[in-house]
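**Q** Take a look at the following structure, please.
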Amino acid sequence: MHTLLRPFAIKSSVDLARLGVILALLGLILFGALRYDNFVSSYNILSFLRYNSMFALIALGMAFVIITGGIDLSVGGTAAMASVVAALFSPSHWAAGLLAGMAAGLAVGALNAFIITKMRIQPFIATLATMLAAYGTGLLLADNQSVSVSYDTGFTIIGQDDFLGFPIPAWIALAAYILGWLVLEKLPIGRHILAIGDGEATAGLMGLKVERTLAAVYIASGTLAGLAGVMLASQFGAGQPTEGVGWELFAIASVVVGGTLLTGGSGSVGATLAGALLLAMVFNILNFENGLGWISLSAYWQSVIRGAFLLVVVVLQAKLMTRHRST
Amino acid sequence: MLLSMQGISKAFAGVAALKSAALEVEPAEVMALVGQNGAGKSTLIKILTGVYRRDEGSVAFDGKAVDFTMPAEAQAAGIATIYQEINLAPQRSVAENIYLSREPKRFGLIDQTAMRRGAEAVLKTFNLDIDVEWPVAHFDAATRQMVAIARAVTQNARLIIMDEPTSSLDEREVAVLFETIRTLKRSGVAVIFIGHRLDELYAICDRVTIMRDGQTVAKSPMTEMPKMALVRHMLGKELAAFQAMAPDEDVPDRPLRLAVENAGAGVRVRDVSLDVREGEISGLAGLLGSGRTETARLIFGADAMQRGTIRMEGRERTYHEPADAMADGIGLVSEDRKIDGIVPDMSIRENMTLALLPKLKKAGIVDRIRQDEIVTRYIRALGVKCASPDQPIKELSGGNQQKVLLARWLATDPRVLIIDEPTRGIDIGAKSEILKLLRSLADAGLSVLMISSELEELLAVADRVTVLSDGTSVATLPRKDLSEAALLSAMAHQAGPSGDLA
Amino acid sequence: MTTIETPAPQQSGTLSSGSRLFRLASRYGTFVAFLALIAFNIAVTPHFLSWQTLNVNLTQVATIVIVATGMTLVIATGGIDLSVGSLMAISGALAPMIFMGQLWPVENMAFAVTLAFLFPVVVAGLFGLFNGLLVTRFSIQPIIATLVLFIAGRGIAQVMTNGNLQVFKNEGFQFIAMGRIAGVPAQVVLMIMIVALAAAMIRYTVIGRQLIAVGGNEKAARLTGIPVKRVKMLVYMISGALAGVAGLVVVARNSASDANLVGLGMELDAIAAVAVGGTLLTGGRANIIGTVLGAFVIQLVRYTLLANGVPDAAALIVKAGLIVLAVFIQQRADRR
Amino acid sequence: EVPKLTQKDTYKVGFAQTESNNPWRIAQTNSMKAEAEKLGFQLVYTDAAGSAAKQVADVNAMIAQGVDVIFLAPREEKPLIPAVMAAKKAGIPVILLDRSVDPSLAKAGEDYLTFIGSNFVEEGKRVAEWLAKNANGKSKIIELEGTTGSSPANDRKKGFDEAIQAAGGFEIVASQTGDFARDKGRQVAEALLQAHPDADIIYAHNDEMAMGAIAALEAAGKVPGKDVLVLSIDGGKEAVQAVVDGKIAAVVECNPRFGPKAFETMLRYAKGEAIDPILVNEDKFYDASNAAAELANAY
Ligand SMILES: Nc1ncnc2c1ncn2[C@@H]1O[C@H](COP(=O)(O)OP(=O)(O)OP(=O)(O)O)[C@@H](O)[C@H]1O
Ligand SMILES: Nc1ncnc2c1ncn2[C@@H]1O[C@H](COP(=O)(O)OP(=O)(O)OP(=O)(O)O)[C@@H](O)[C@H]1O
Ligand SMILES: [Mg+2]
Ligand SMILES: [Mg+2]
């Protein structure tokens, strides 16, 4: 094979699935642009990016967790709790809000890491439990209500302002993704994460520090969820202890649509972003479709359509992968 | 002394695997570690490298007492290990696997180019010319084994442990490996070599440590330990003779049982024709990667056959699923027991009767009495070393797992048994038992298609051997023409462009 | 040549009686947790020791147990079923539509009620089969395959009922939740029957052993002639059908079917019950009795927190801690 | 100032609903849809599925589509402020329905046009006041709260708890969430009745939980209305019927039929009329005295 072509080589069926999600995203954008007025307006694009940056961050953390063969169900609860913490700290300084929110996320991540690596409880159950605990803590801290953030310390700039014409949350998410890509593709720890996902016992026998690496991944996922919580608080002006329900499923679906197998050992940062944008785009398109007034879609049909869309995407992807495998 | 392990004891769930075992290795020597299946060799190694924690005993490496809590520590201290079940990350590339945990770096980032070049260079010394950026899973067992060896060799270790490194290698590769070991020795590296093939031990090892039932029963220089004595120490008794067991004459008029004509699928199996007759052992030989395993899977319906025909007892058959082939009385003991064979969490009893289950039922319910009877019979017949039939199979030593899998198929009472590397990882005592058993089953009417990389094994029991080369059957040698030279020349003569023997 | 004298073989396998006791206790980790909870309640919770308490808890736990039994089978094959809650909603929405004559006219009430029991369960089973098809034919990972119906399934139920609450009174149909058989609530009898059948299936039948093998090593299972795809489709179908049964119980109990809420969050309760009960989510094992105990533990935790006035937020934290603790004890028990 | 609305024949209006998982919300949505259809307006309807954040995104999508007016049923007081502000910036008047936003951050008549709705605190208070007069010696209360953290749950608890405290002689023996759902409400009531057999009043934050509580009472062999008084908020037909049947003692209405009033207000504004900052719905109160007569009018 020519050396120049090397990076583009499709070496596994997963590579093909990744290509598929990017094509699907482009297709959906094209569909929206042709069908709806103002779909590609800067207002829609910018508010789309601003809102969905939170989910993109969570999906990034989830991608790493899933690559290790684990799962993190606690991200939604963590984000909710972190938004409360951030809101509580925002009156002292904007940075206090930011750091406190991230620290709250980190704490949940560390707890996950402890339960999974030290108590050896499966990630699904461990993070299911911490999800409950995070919601509970958030509600307790918030006294069951939304907590107003301070509008005086500049905390709301994080979520509501623009920088160079783009929403700050989008910049943050972009930076996180570039960092994530570097870690996964260019740093040894990224390779170790992949190898652990390939087989934990084997990775241990090959001399990798499995527990430490796993812990780092769960902590990263928690911290990213914390950051998403900060954005939530900043963007909407309140810490919201009841938000975040279902975020974990959205993130898992994004990662999977991005061609990452839940069995671990493979995955791509870029395709995860494409997956998250693709799924978010479906909501946006449904909102525009309602506006056309042809069919007034009830909320119920919306969930049927979302389910059907997910079905089409994963079935197509599965077909791509099996076709590749058989040749 | 480089390594000294003394008084090592280890019990699993109250059952002792090691009882005060000892192992000593000098710098720059190759120490053979031998013993029957389940003697405790792998366990001893895993205690050394920190996979398991010992219950009792002391370990000193390089003069210092050590107590590794995980393999990473042993690796850092200068011990490289190739474990018995090849341990590589299957979805990562060959290059990454070789360098995992000590990647070459530039500006803190992985230096992909250096990694690729380095990997290519080491593999070249093993005569292996492969694209190192493909995932390891893409390659067959032998290549993976070589990659694992390359990984160990490049770790600059003071001690390299090889737990049955040659079990999936053919003779050419064994030769390459031995050359590597000699080079290592010259540079002062010590090697612990675990193996069941005595000739190999005598060819490469300086000293030998013999284990039996979790204890060290003997150690001596290799030259002072005659084969017969070694086997006696190992087994605790004399070895039953292991000689030619096949009838010397061809019996050409035996009816044809299984006939494969021009079978093919994809690029791995191009054009294979072979016959298996009633009551005979038909061998299938070939170099590594010649497509023997794939052929077996095609016949058994595990992979889809794209070309050619299968005739079972005269009728043309198409098998879409293994279940179809089984319904016709065909069985397959697969090559890779970890991936295709055992159900690790299930008991020995269940593993042994898995294929038989549908026949063991009364109104959908498993007949426990018959099940027990069958399990007890085969545990005794094959000498499976286990605490009880209810023990999870994953707790058995490699060789004993292999015996259970063999029993799984024998219990189905097949008319054709395809058996891929039947004696891989099996100790010399059990090996002759198994071969004898296969021979007597054949004599009683069973048809066996036996894939083996060990020519002496084929020579000993096969009535006829089909030779594959590059996915094509190039020769079928009848009993009277069988000899090591004839087989080698058939395998080599037709070796494809990638073959080195021409 | 040096030969080491072989010391006399030691007796192996002996254990001090103390550690044997510990092994016995921890082997039934979930059971111990269960007993501990009961003891705690007797000491703390007012009016705990009464038949009515037993009655309340048994009837409330029945639906979780029924769903979790199906979930155990799915998990044993290495899968998971997130769609159970949505399938409960579908079956719960269908049943009243049948005997209230919204699908087709009711001519004979007894027949309509019989149909209201069977048809929704069959439909839920077919949806389960659909999950199974996605998992087997298209090799879609179970979480995602069942996520499709998790999202869409409730939508389907809502579309069928237009999101409206269906209120009804129908003694025949509601017998499944309100009736008593020999003094025992019907849903509890149903639960016991389902559990017994499932446990027997796992332990004694060929298909039961085969599904464990599929979860333990799918490739090996296929090579021993096990019809892997059929086994998997079967378990998803069973799980769907059992979710359907649970849906019937819930709506019958409430005299109302609310497609928006029936079975909401049930998947997590069921999975937690399975995990607390000691079945590994990685497949290859199934412990139905453990699952029942797991569900009892979860129910009892819920009851304890409610009855003692622990506020919801704090209750979430306590529940989290107890789940972790229970699974931890159970796993230590397993590893011994 | 609130953006102006020009007078046109037809409008494209947005309605950002918070969720549609309970009968009350569904009635509200249907009322809005029916009214829009009657007037021949194009309705852009979104459903935030219980997420305040998604609701803001929904409003943004409406703004991008260029609607003329936005009807917003804010899920929460504070998090919806950015949506209100964004609409104002885009020149689109906003009318809030059934819940308001934080008055310290956004003001009626300035940032948004007006708020049409009921007062949740007031609803809780009305229940408590009725009890103070009609409890007949019953005093031990089990409170079934709405979804933890939701504003109707918080407010209906606040209004009730404060007023019942003020009335004196009552004791809330247990207060737990039933998630506004019948099944959960029933299960929680079953457990609480078991732990507190002496409770003789159940106050549920909505009809659904009240119905669940009645089922729990009957299962425990108690007679609702006699042994235990059940009180509720929302006042849907099923609940009013239960009042007629004597199973529910009293229920405060919280009428979801917003459509006519909402669109009428919008049209008045377009004509240039001044609009009050708060338009309070006149909610009825049903007890044994009027339930039978009012049954036909209940929603
Ligand atoms: N994880 C484990 N749990 C329980 N028993 C074990 C475990 N690992 C090994 N054993 C037992 O310890 C004994 C020694 O096993 P070991 O794998 O060391 O044998 P071995 O000498 O390497 O055999 P082989 O030649 O077959 O590889 C066996 O009886 C085996 O059943
Ligand atoms: N050295 C190699 N380089 C590249 N590909 C290889 C190599 N060795 C094997 N393969 C792949 O494996 C295929 C055949 O493998 P198969 O397992 O069928 O062979 P086999 O004869 O059974 O060998 P084994 O002795 O390992 O069982 C080859 O066609 C090739 O694609
Ligand atoms: Mg071994
Ligand atoms: Mg092979």
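The values are calculated or read from the model by the stated rules, or taken from the named source; none is laboratory data. Note that the structure is predicted; figures quoted are calculated from it, not measured. With ideal geometry, Cβ positions are generated from the backbone for all residues, glycine too; neighbour counts draw on all protein chains shown. Accessible surface areas use protein heavy atoms only, side chains included; no ligands, DNA or RNA. Shrake-Rupley method; radii C 1.70, N 1.55, O 1.52, S 1.80 Å.
**Q** Relative to the first principal axis of the alpha-carbon coordinates of chain C, what is the inclination of helix C:51-76, with its axis defined by its Cα atoms, in degrees from 0 to 90 and to the nearest 10?
**A** The angle comes out at about 70 degrees.
**Q** Of B:Ala21, B:Val191, B:Ala80, whose Cα points farthest to the positive end of the dipole of region B:3-235 (charges on the beta-carbon: +1 Lys, Arg; -1 Asp, Glu; origin at the Cα centre)?
**A** Farthest towards the positive end: B:Ala21.
**Q** Oh, and also: Would you mind giving the three semi-axes, in whole Å and largest first, of the ellipsoid equivalent to region B:339-413 according to its Cα gyration tensor?
**A** On the way: eigenvalues 74, 31, 25 Å².
Square roots of five times the eigenvalues give 19, 12, 11 Å.
**Q** Pairs C:Lys319/D:Lys125; D:Lys4/D:Lys261; B:Lys10/B:Lys41; B:Lys359/B:Lys385; B:Lys403/B:Lys436; D:Lys88/D:Lys271: which exceed 23 Å Cα-Cα?
**A** Details: C:Lys319/D:Lys125 33 Å; D:Lys4/D:Lys261 19 Å; B:Lys10/B:Lys41 12 Å; B:Lys359/B:Lys385 26 Å; B:Lys403/B:Lys436 14 Å; D:Lys88/D:Lys271 19 Å.
Violating the 23 Å limit, Cα to Cα: C:Lys319/D:Lys125; B:Lys359/B:Lys385.
**Q** What dipole magnitude, in Debye to the nearest 20, does region B:3-235 give about its Cα centre under +1 on Lys/Arg Cβ and -1 on Asp/Glu Cβ?
**A** On the way: 27 positive and 28 negative charges, 82 e Å.
That gives a dipole near 400 debye.
**Q** Note down the accessible area of A:Leu106, probe 1.4 Å, to the nearest 10 Å².
**A** 80
**Q** Which three extents, in angstrom, do the Cα atoms of region D:36-193 have along their principal axes, listed largest first?
**A** The principal-axis extents, from largest down, are 58, 32, 32 Å.
**Q** Which of C:Asp258, C:Asp312, C:Asp269 moves the most in a Gaussian network model of chain C with Cα springs under 10 Å?
**A** C:Asp312
**Q** Still on this structure: Show which aspartates and glutamates lie in cross-link reach of D:Lys12 when reach means a straight Cα distance below 19 angstrom and same-chain residues fewer than eight apart are skipped.
**A** D:Lys12 reaches A:Asp37, A:Glu289, D:Glu35, D:Glu37, D:Asp47, D:Asp58, D:Asp68, D:Glu264.
**Q** Hey, another quick one. Which one, A:Val65, D:Ala90, B:Val208, projects farthest toward the positive side of the charge dipole computed for the protein assembly as shown from Cβ point charges (K/R +1, D/E -1)?
**A** Sorting the options by dipole projection puts first B:Val208.
**Q** While we're here: Can you give me the angle between helix C:206-216 and the longest principal axis of chain C, using Cα atoms only, in degrees from 0 to 90, rounded to the nearest 10?
**A** Once rounded, the angle reads 70 degrees.
**Q** Please report, ordered by residue number, every helix of chain D (full DSSP H runs) that is 15 Å or longer along its axis going by C-alpha atoms and whose mean Kyte-Doolittle hydropathy reaches 0.0. Kindly include the intermediate steps, with their values, before the conclusion.
**A** Values: long enough: D:23-39 (24 Å, -0.86); D:52-65 (20 Å, 0.42); D:120-134 (21 Å, -0.60); D:151-167 (24 Å, -1.06); D:182-195 (20 Å, -0.72); D:207-219 (18 Å, 0.78); D:259-271 (18 Å, -0.59).
The qualifying helices are D:52-65, D:207-219.
**Q** Starting from the eigenvalues of the Cα gyration tensor, five times each then square-rooted, give me the equivalent ellipsoid semi-axes of chain B, largest first, whole Å. Each step should come with its number before you reach the end.
**A** Values: eigenvalues 274, 156, 100 Å².
In descending order, the three semi-axes are 37, 28, 22 Å.
**Q** Shifting gears a bit: Determine which lysines satisfy two conditions relative to C:Lys232: a Cα distance under 17 Å, and not lying fewer than 8 residues away in the same chain.
**A** By straight Cα distance, C:Lys232 reaches C:Lys219.
**Q** Here's another thing I want to ask about it. As I understand it, the value is the acute angle between the Cα axis of helix B:112-125 and the longest principal axis of the Cα atoms of chain B; what does it come to in degrees, rounded to 10?
**A** Orientation of helix B:112-125: about 70 degrees from the principal axis.
**Q** Let me ask something else. Can you give me the Cα centroid spacing of region C:40-90 and region B:133-207 in angstrom?
**A** Answer, in whole Å: 55.
**Q** Round to the nearest 10 and report in Å² the accessible area of A:Asp152, as given by a 1.4 Å probe over the protein chains' heavy atoms.
**A** The accessible area of A:Asp152 comes to roughly 140 Å².
**Q** Computed over the Cα atoms of region C:181-336, what is the convex hull's projected area averaged over all directions, in nm²?
**A** On the way: hull surface 47.6 nm².
One quarter of the hull surface, i.e. the mean projection, equals 11.9 nm².
**Q** Next up: Above 29 Å lies some portion of the pair distances; for chain C, what is it as a whole percent of all C-alpha pairs?
**A** Working: 24544 of 56280 pairs.
Tail of P(r) above 29 Å: 44 percent of Cα pairs.
**Q** Heavy-atom accessible area of B:Lys361 with all protein chains present, probe 1.4 Å, nearest 10 Å²?
**A** 100
**Q** In debye, nearest 20: dipole of the protein assembly as shown around its Cα centre with unit charges on the Cβ of K, R (+) and D, E (-)? Walk me through the intermediate numbers first.
**A** Working: 130 positive and 136 negative charges, 346 e Å.
In total the dipole reaches around 1660 debye.
**Q** Calculate the FRET efficiency for D:Lys4 and A:Leu26 from the Cβ-Cβ distance with a Förster distance of 35 Å, rounded to the nearest 0.05.
**A** 0.30
**Q** Carbon and sulfur: what percent of chain C's accessible surface (1.4 Å probe)?
**A** Details: 8690 of 12900 Å².
Ligands and nucleic acids excluded, carbon and sulfur reach 67 percent.
**Q** Only Cα pairs under 8 Å and at least 6 apart count here; give the relative contact order of region B:339-413 as a rounded whole percent.
**A** Values: 77 pairs, mean separation 37.1, N = 75.
It comes to 49 percent, rounded to a whole number.
**Q** Expressed as a whole number of Å, what is the distance separating the alpha-carbon centroids of region B:259-291 and region C:170-203?
**A** So the two Cα centres are separated by 57 Å.
**Q** Taking the alpha-carbon centroid of each part, what is the distance from region B:440-472 to region C:270-336 in angstrom?
**A** When both Cα centres are located, 55 Å separates them.
**Q** Which order do B:Phe12, C:Phe168 take when ranked by solvent-accessible area (1.4 Å probe, heavy atoms of all protein chains), largest first?
**A** Working: B:Phe12 75, C:Phe168 10 Å².
The residues order as B:Phe12, C:Phe168, largest area first.
**Q** Return the carbon/sulfur percentage of the accessible area of region B:3-235, one whole number, probe 1.4 Å, all protein chains in place. Before the final figure, lay out the partial values.
**A** Numbers: 4210 of 8280 Å².
Of all accessible area on region B:3-235, carbon and sulfur atoms account for 51 percent.
**Q** Here is a follow-up. What dipole magnitude, in Debye to the nearest 20, does chain D give about its Cα centre under +1 on Lys/Arg Cβ and -1 on Asp/Glu Cβ?
**A** Working: 33 positive and 43 negative charges, 110 e Å.
Around 520 debye, computed over chain D.
**Q** Can you tell me the Rg and the Dmax, both Å, for the Cα atoms in chain D?
**A** For chain D, the Cα-based Rg and Dmax read 20.2, 62 Å.
**Q** Per the Kirkwood definition applied to all pairs of different Cα atoms, how many angstroms is the hydrodynamic radius of region B:1-146? List each step's numbers first, then the result.
**A** On the way: mean 1/r = 0.0575 Å⁻¹.
Value: 17.4 Å, from the Cα pair sum.
**Q** If you take every DSSP beta bridge whose two residues both sit in region B:3-235, what share of them, in percent to the nearest 5, is antiparallel?
**A** Numbers: 23 of 41 bridges.
Given both bridge residues lie in region B:3-235, the antiparallel proportion sits at roughly 55 percent.
**Q** Only bridges with both residues in chain D count here: give the DSSP antiparallel percent, nearest 5. Present the calculation step by step, with values, prior to reporting the outcome.
**A** Details: 3 of 41 bridges.
Roughly 5 percent of the beta bridges in chain D run antiparallel, per DSSP.
**Q** Among D:Ala16, D:Ala132, D:Ala220, which one shows the biggest mean-square fluctuation in a GNM of chain D, springs joining Cα atoms closer than 10 Å?
**A** D:Ala220
**Q** Once region C:100-152 is represented by equal point scatterers at the alpha-carbon sites, with solvent omitted, what log10 I(q)/I(0) does the Debye formula produce at q = 0.12, 0.20, 0.21, 0.27 Å⁻¹?
**A** Log10 of I(q)/I(0), two decimals: -0.42, -0.71, -0.74, -0.96.
**Q** Further, regarding this structure: Of C:Val148, C:Tyr28, C:Ile298, whose Cα points farthest to the positive end of the dipole of chain C (charges on the beta-carbon: +1 Lys, Arg; -1 Asp, Glu; origin at the Cα centre)?
**A** Of the options given, the answer is C:Tyr28.
**Q** Over the protein assembly as shown, what is the percentage of antiparallel beta bridges among all DSSP beta bridges, to the nearest 5? The partial results should precede the final answer.
**A** Numbers: 60 of 135 bridges.
Antiparallel bridges make up about 45 percent of those DSSP assigns within the protein assembly as shown.
**Q** Separate question: Working with all protein chains in place, sort B:Arg464, B:Arg182 by solvent-accessible area computed with a 1.4 Å probe, largest first. Don't skip to the answer; put the middle values down first.
**A** Working: B:Arg464 40, B:Arg182 90 Å².
I get B:Arg182, B:Arg464, largest accessible area first.
**Q** HN-Hα J couplings of region B:473-485 from phi, Karplus 6.51/-1.76/1.60, θ = phi - 60°, integer Hz, Gly and Pro as x?
**A** 7, 9, 6, 10, 9, x, 3, 5, 9, 6, 7, 4, 5
**Q** While we're here: Show C:Lys229, C:Lys319 ordered by accessible area, largest first, where the area counts protein heavy atoms only and the probe is 1.4 Å.
**A** Working: C:Lys229 90, C:Lys319 45 Å².
If we order C:Lys229, C:Lys319 from most to least accessible, we get C:Lys229, C:Lys319.
**Q** Next up: When chain D is treated as a GNM, springs tying every alpha-carbon pair under 10 Å, which of D:Ser104, D:Ser31, D:Ser289 comes out with the largest mean-square fluctuation?
**A** D:Ser104
**Q** To continue, here is another question. I'd like to know how the protein assembly as shown sits against the 2.2 N^0.38 Å rule of thumb: what's its Cα Rg over that expected value? Each step should come with its number before you reach the end.
**A** On the way: Rg = 35.6 Å, N = 1464, 2.2 N^0.38 = 35.1 Å.
Against the compact-globule rule of thumb, the ratio is 1.01.
**Q** Restricting to DSSP H runs of at least four residues, report the calculated mean residue ellipticity at 222 nm for the protein assembly as shown, -39500 (n - 2.57) per run over all residues, nearest 500 deg cm²/dmol.
**A** Numbers: 53 runs with 763 residues, N = 1464.
One gets -17000 deg cm²/dmol as the mean residue ellipticity at 222 nm.
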